[in-house]
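What follows is calculated from the coordinates using simple rules that are stated; it is not laboratory data. Just so you know, these numbers come straight off a predicted model, no measurement behind them. Using ideal geometry, Cβ is built from the backbone for each residue, glycine included, and neighbour counts are taken over all protein chains shown.
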Amino acid sequence: MPGELVKAKIIDVDGGEEISVMFNPKEYSIEKTVNWKDHPTPGLNAPPQEFTMGQGRTLSVELFFDTSYNWSDVRVHTQKIYELTLIKEDTHRPALVKFEWGSLSFQGVITSLSQRFTMFNKSGEPVRAVLNLKFKECEEARVVKSSPDRSKVHTMKQGERLDAIAAREYYDPSHWKTIAEANDLEDPLSVPPGQRLNLPPLA
């Protein structure tokens, strides 16, 4: 007998939030690119290939959303996925995500999102939407430059340490003292989750 229906979901790896799709996709595609370049060799019809680097896989999937059963705004559901593409205040980048469905578990970042709205209620609000998503595989997501020359605000997470924040933001864990002094922390080893810290620019 068929088992219980398993819904596909997108997980915000940074924050832990799970977003279940409204309808499971009809299909998905996974691509893998390997970079090679021609190695110039005179006298050959086809030159030898020189390996340069591998690329993470890409996952493409189309998701359908429909709230025409009660004519409510479908963007209530699609907005959650859109927000995964926005830069977060604490990480200074969009979310690291995971797409899970049955035996598929694909971790990476969203590199492309298109939203197509196809039906509307009397108020002009969309009630049907098709989202096309493309993910690129990765284990972690980094910021190329953390801009230690400008002030930032960081919200502490459970288990975070100041030296780890300093290593990420200033490329030097010893700058935990800079963070502690800027925020007048009495106990730098015990900063509660949720506390907002000012990350000052380095002099």
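Points to keep in mind about this one:
- Residue of W101, W176, W36 that the Gaussian network model of the chain assigns the largest fluctuation, springs spanning Cα pairs under 10 Å: W36
- Legend: residue pairs K9/K177; K134/K157; K88/K122; K7/K88, Cα-Cα distance threshold 30 Å; pairs beyond threshold, K9/K177; K88/K122.
- In this calculation the C-beta distance from D66 to E100 is compared with R0 = 22 Å, giving a FRET efficiency of 0.50.
- Segment 45-156 shape via C-alpha gyration tensor axes, a/c threshold 1.5: oblate
- Across the chain, the mean sequence separation of Cα contacts (distance under 8 Å, 6 or more residues apart), normalised by length, yields a relative contact order of 17 percent.
- Tensor-based shape of segment 152-199 (alpha-carbon gyration tensor, a/c under 1.5 rounded, otherwise prolate or oblate): rounded
- Between the residues N121, I110, I30, the greatest Cα displacement towards the positive end of the dipole of segment 9-137, with unit charges on the Cβ of Lys, Arg, Asp and Glu, is found for N121.
- Extreme residue, positive dipole direction of the chain, given options T155, L5, A46 (C-beta unit charges): A46
- Relative contact order computed over segment 76-166 (Cα-Cα under 8 Å; 6+ residues apart), in percent: 24 percent
- For K98, the aspartates and glutamates whose Cα falls under 14 Å of its own Cα, not counting residues fewer than eight places away in the same chain, are D12, D14, E17, E18, E137, E139, E140.
- Karplus-derived 3J(HN,Hα) values for segment 98-109, using 6.51 cos²θ - 1.76 cosθ + 1.60 with θ = phi - 60°, are 9, 9, 10, 7, x, 7, 8, 9, 10, 9, x, 10 Hz; glycine and proline are entered as x.
- Shape category assigned to segment 1-100 from the gyration tensor of Cα positions, a/c cut at 1.5: prolate
- The slack in the chain from T91 to F117, taken as 0.36 nm per residue of separation less the alpha-carbon distance, amounts to 6.3 nm.
- Point-charge dipole on Cβ atoms (K/R +1, D/E -1) for segment 9-137, about Cα centre, debye to 20: 300 debye
- The amide H of L199, built 1.01 Å from its N in the peptide plane, has K152, V153, H154 as neighbours under 5 Å, considering only residues 5 or more places off or on other chains.
- Sorted peptide list for 16-27, 65-76, 127-138, criterion being average Cβ within 10 angstrom, highest first: 127-138, 65-76, 16-27
- Here the sum of -39500 (n - 2.57) over DSSP H runs of 4 or more residues, divided by the residues of the chain, equals -3000 deg cm²/dmol at 222 nm, to the nearest 500.
- Total charge dipole magnitude, segment 152-199, about the Cα centre, Cβ charges on Lys, Arg, Asp, Glu only, Debye to nearest 20: 240 debye
- Candidates Q107, Q158, Q115: whichever shows maximal mean-square fluctuation once the chain is modelled as a Gaussian network with Cα springs under 10 Å: Q158
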